[in-house]
Amino acid sequence: MSASPAAIRVLAARRARRSRPPKALVIGALSVVALLLLTFLGSNLLASINQWRLGERFDAAADHWARLDPVARSSITYSPGDPVAHLSIPSIGFDAIVVEGATPAIMRKGPGHLPASATPGENGVAIITANRLGFGSFFLRLDRLSQGDRIVVLSAIGTTTYEVDSVRVVPPEEMDLAVDSPQRVLVLFGSSRLWGGSDRIVVRALAVEDGSA
């Protein structure tokens with residue numbers, strides 16, 4: 001005996017209800033997505049405010065540096081959180097103030113300069129790292145850099161233009177953070193993935209021309 005059309009429709013409706021996820025689960029998932037989005041936007045907004053404040057501090061510091069002789073400029077010391085350099089990478093639309101230190105708290109304000117490394121623009125290896133996603137997302141497009149791209153840095157040393165020499169993804173055990181070099185070298189690095197993972201994308205650039213501040 002075949003089922004009536006009405007019974008078939010009831011059975012189909014029941015199957016459809018069973019195949020749909022519970023409403024509470026859907027609402028919970030949407031709430032998590034909304035929270036993550038708000039956190040992302042809020043962290044970037046906070047980083048933008050911090051960058052604006054750092055920009056004012058950097059301008060004042062640059063005026064002071066301009067009055068110093070080269071020897072005095074090269075002997076400047078920085079405290080954690082101090083503005084160290086203005087970093088610009090036209091090919092990826094990057095422009096930010098670099099701060100001294102690389103702790104999570106400091107890197108919520110801007111790219112962090114490793115204190116043991118050279119000041120950008122002087123002989124040796126200057127090393128800078130930054131978040132790729134959230135808190136400014138400063139190095140979001142780091143993987144888009146290519147050999148030959150230009151990086152312009154203004155620091156107490158003066159204005160230095162670097163040219164990208166290599167872009168590599170390396171495991172953490174292969175990270176080279178040596179700071180001694182007869183050349184003016186700039187190293188930028190961040191996570192190779194936007195979210196999680198231990199590998200690092202490492203950009204190495206060499207100075208090609210200098211100018212005075």
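Things to note:
- Summarising the label geometry, the points placed 7 Å from Cα in the beta-carbon direction at D69 and Q183 lie 3.2 nm from one another.
- Ranked by the mean number of other Cβ atoms within 10 Å of their residues, highest first, the peptides 47-54, 106-113 come out as 106-113, 47-54.
- Cα-based Kirkwood hydrodynamic radius, region 46-211, one decimal, Å: 15.7 Å
- Local electrostatic count at R204 - Lys and Arg +1, Asp and Glu -1, tallied over other residues with Cβ under 15 Å: -3
- Rough spin-label spacing in nm, given labels placed 7 Å along Cα→Cβ, for R53 and T159: 2.9 nm
- Of the peptides 144-156, 56-68, the order by per-residue mean of other Cβ atoms within 10 Å, starting with the highest, comes out as 144-156, 56-68.
- Here the dipole of region 46-211 is about 520 debye; that uses its Cα centre as origin and unit charges on the Cβ of Lys and Arg (positive) and Asp and Glu (negative).
- Within the shell defined by Cβ-Cβ distances under 13 Å, the residues around R141 carry a net charge of -1, with Lys and Arg each +1 and Asp and Glu each -1.
- Surrounding net charge for P172, when Lys and Arg each add one and Asp and Glu each subtract one, Cβ distance under 12 Å: -3
Coordinate-derived values only; no laboratory data. What you see is a predicted model; the values in this text were computed from it and never measured. Glycine gets a Cβ as well: all are built from the backbone with ideal geometry, and neighbour counts include every protein chain shown.
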